[in-house]
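Heads up, the thing below is written out as structure tokens.
The values are calculated or read from the model by the stated rules, or taken from the named source; none is laboratory data. Model, not experiment: these values are computed from the prediction. Cβ coordinates were reconstructed from backbone atoms using ideal geometry, including for glycine residues, and neighbour counts include every protein chain displayed.
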Amino acid sequence: MRISRLILQEIRYRKLNFALGTLSVIVAVGSAVGLLAALRQHDSQTQKIINRRREASEGLMRQNEEEYRKIGVAMGFNMVILHKDQSVADFYANNVAGTDMDENWGKKIADAKLTSVNHVTPVLQKRIRWEQYNRDIFLTGAKVAYMQGGGSIIRKPILQQLSPGEMILGHELQRLTGAKEGDRLSLLGRQFTVKGFKPGGYNKDDVTAWVSLADAQEMLGRPGKINGIFALECTNCGPEAFEIVRREIAAILPDAQIVEFTQLATARSNARRQAAAMTKAAGEQEIQHRQRIGQEQRRLASILIPLILVACGLWIAFLTFSNARDRGSEIGILRAIGVRSVQILGVFLAKAALMGIVGAAVGYMAGMVSSTLLRGGSGVLIERDWLICSLVGAPVLAVLAASAPAILAALRDPAVLLRED
Amino acid sequence: MLILENISKTFVGADGPVRALDGVSLKLDRGDFLAIRGPSGCGKSTLLLSAGGLLRPDTGRVLIENQDLYSISHEGRCRLRATTIGFVFQRFHLVPYLSVLDNVLAPSLALGRNDAHRRAGELIERFGLASRMHHLPSQLSTGERQRTALARAMLNNPRLILADEPTGNLDPDNGTIVLKCLADFAASGGAVLLVTHDPDAANFAKQSLSMAAGRLPGTAAEVPVPRMDTNVHE
């Protein structure tokens, strides 16, 4: 006969003792695994919320930037670079600048590959009289060559690139001339083909005739000159975008000054940015709250789990002690027939180890399932490390707990045990 | 086979020290069947446990096959018990959750004999327990329990059987069966030391001594160890 048969037969005979010991391991392992799984799930959910919030916040910001860009494009340029000698008061009074700059200033900005400005468009503008229609209008020659300050993204231009002899009319001028696309119109003695019209914007663009920069320079007798560079400041530089542009342009063109003339898009952008920041702050508040709860749960678990393990150990020790007391006669006779005390010790420790293994396996599954059910989730995840830890740790704990009473049992005097019975 | 040389044992109880054995000496050879009679508390069981290596005497020596039982290691004593001695007790001391077969096989835990199953089967057959082989002790009559205990004692082919009131709980018929078995064992070359308070049981022994107050008459420390070569029925 083998010792294992003795152990299994005894377990069958004293089912309650084994069941109570195993139950305590199930409770201990189940509680520990359940608590840890709950903590893991809490952390995982917190992380999901963080990711969701971050994505939402980033999405909002992206949406904001895109809208800002669209608004910017729709509203036209929002800044103009002028010569520093140009009086801003005069510029506002006349709606055009009187001080010329070299045409290559635009190229300098483009070559600097700045990220703070887009749609760099050198222009030559002048208020002129369109005698044919007896109306003062603005003539704007533009060179749509530098789409991007420095980035590589090709965007749809705010202005259509015009070849010499082509013209685009503002909304009022379209109405005034009654022209249609492809019509030929005469301006300052030069013939132009109408390429298109700009929609009404209730600003000076409505009374502007757009031609190529080269045509304007020739018509106004100012070859190689411009009097402004329109641009769109970057859409993702935040509220301090204008300062960035000013600083970067100053580094390239020290004789330039910048006038920001469109505030609406910026105001909208700031409002959206603020909304995004508030959303982000609210999200972070919730995340901090969840993290606080997580920390409290961890603190609770760090107290509860050792307590449960100690209680389980004490319970197994008590059961082993009780079992050894009940088996006094058996130990006595086994010793009398030559079974060594170390074999007796093995009988008790192996039984405890078995309690640990069975309890760990059942407790682990119970812990994972209950944790999943309590969280309202579905599908129990098997954490291999935890399973191994449970299957090794629980038997070790059970054996340690049982060792003292088992040693006492193994060392009991067989003569006393046999006489006691 | 078995020599007790002037062994003494004193227990300290609530009422002071009790001298359970007082200079007991005896010698048992192969084929001997010695009964020691005496009233309860006279030291019979203490003598038996000391002789079986389960209770170290305060003084004196216990020699089994010329080995001083209490000068060898614990492991050595266990092995000697497993190979040489069989125990039979009044209360049977069967393991309650093992079947008759497993109880008879229990001594193989100590020695791991390959032929243990065959030997157990023979003994179970011999003691008329074949139909009860897979029953638990609680399902057996007292006679069957004692026969199971006897079969267990003989599994490892011991050369000495120490029997402590083996018929104390049995009816006369079953008592006779057990005592005959012990007598047969002695007749086949084994040695039996039987302690009992039953005069009828002692009649089955070749020799019988009466014990009182921890002493065997004529075996005090100062007298020579008696040689059990004649029937001494008191």
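General observations
- Checking each residue in the stretch B:156-173 for being of a type in the set (S, T, N, Q) and closer than 26 Å to B:Ala116 by Cα picks out B:Asn156, B:Asn157.
- The strands (runs of 3 or more DSSP E) found entirely in the stretch B:1-44 that carry 1 or more residues being within 11 Å of B:Gly60 (Cα to Cα) are B:2-13, B:16-28.
Let's see how each residue does on (1) among the small types (Gly, Ala, Ser); (2) assigned to a helix (DSSP H, G or I); (3) surrounded by fewer than 19 Cβ atoms within 10 Å (Cβ to Cβ):
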position	(1), (2), (3)
B:Ala110	yes, yes, no
B:His117	no, yes, yes
B:Ala120	yes, yes, no
B:Ile124	no, yes, no
B:Gly128	yes, no, yes
B:Ser138	yes, yes, yes
B:Arg147	no, yes, no
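- Test: residue in the stretch A:8-20 that is at pLDDT 80 or above, more than 14 Å from every other protein chain (Cβ to nearest Cβ) and either surrounded by fewer than 19 Cβ atoms within 10 Å (Cβ to Cβ) or over 40 Å from the mean Cα position of the chain (by Cα) (or both): yes
- Qualifying residue in the stretch A:192-207 (condition: touching a helix residue (DSSP H, G or I) at 6+ places or on another chain (Cβ under 6 Å) and part of a strand (DSSP E or B)): yes
Residue-wise test of (1) out of contact with any strand residue (DSSP E or B) (no Cβ under 9 Å at 6 or more places or on another chain); (2) within 30 Å of A:Gln343 (Cβ to Cβ).
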| residue | (1), (2) |
| --- | --- |
| B:Asp32 | no, no |
| B:Gly41 | no, no |
| B:Thr46 | no, yes |
| B:Arg56 | no, yes |
| B:Val62 | no, yes |
| B:Gln67 | yes, yes |
| B:Arg81 | no, yes |
| B:Val88 | no, yes |
| B:Arg113 | yes, yes |
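Residue by residue, here is whether (1) in contact with a His (Cβ under 7 Å, 6 or more places away or on another chain); (2) away from chain A (no Cβ under 14 Å); (3) crowded, with 23+ Cβ neighbours inside 10 Å holds:
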{"position": "B:Pro166", "(1), (2), (3)": "no, no, yes"}
{"position": "B:Ala183", "(1), (2), (3)": "no, yes, no"}
{"position": "B:Gly189", "(1), (2), (3)": "no, yes, no"}
{"position": "B:Leu194", "(1), (2), (3)": "no, yes, yes"}
{"position": "B:Pro199", "(1), (2), (3)": "no, yes, no"}
{"position": "B:Ala205", "(1), (2), (3)": "no, yes, yes"}
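- Helices (runs of 4 or more DSSP H) completely within the stretch A:330-421 that count 3 or more residues being buried (at least 22 other Cβ atoms within 10 Å of the Cβ) and within 14 Å of another protein chain (Cβ to nearest Cβ): A:341-374, A:414-420
- Within the stretch B:49-79, the set of residues being among the polar types (S, T, N, Q), out of contact with any helix residue (DSSP H, G or I) (no Cβ under 8 Å at 6 or more places or on another chain) and part of a strand (DSSP E or B) comprises B:Thr59 only.
- Residue, surrounded by the most Cβ atoms within 10 Å (Cβ to Cβ), within the stretch B:17-66, restricted to residues that are aliphatic (A, V, I, L, M) and out of contact with any Ser or Thr (no Cβ under 8 Å at 6 or more places or on another chain): B:Leu47
- Residues of the stretch B:57-76 that are without any contact (Cβ under 8 Å) to a residue 60 or more places away in the chain and within 16 Å of the chain's Cα centre (by Cα): B:Leu69 alone.
- Any chance A:Glu296 is acidic (Asp, Glu) and without any contact (Cβ under 8 Å) to a residue 12 or more places away in the chain: yes
- Scan the stretch B:67-84 for residues that are more than 9 Å from chain A (Cβ to nearest Cβ) and hydrophobic (A, V, I, L, M, F, W, C) and the total you get is 2.
- Residues that are within 9 Å of another protein chain (Cβ to nearest Cβ), out of contact with any helix residue (DSSP H, G or I) (no Cβ under 6 Å at 6 or more places or on another chain) and touching a residue at least 60 places away in the same chain (Cβ under 8 Å), drawn from the stretch B:85-133: B:Ile85, B:Phe89, B:Arg91
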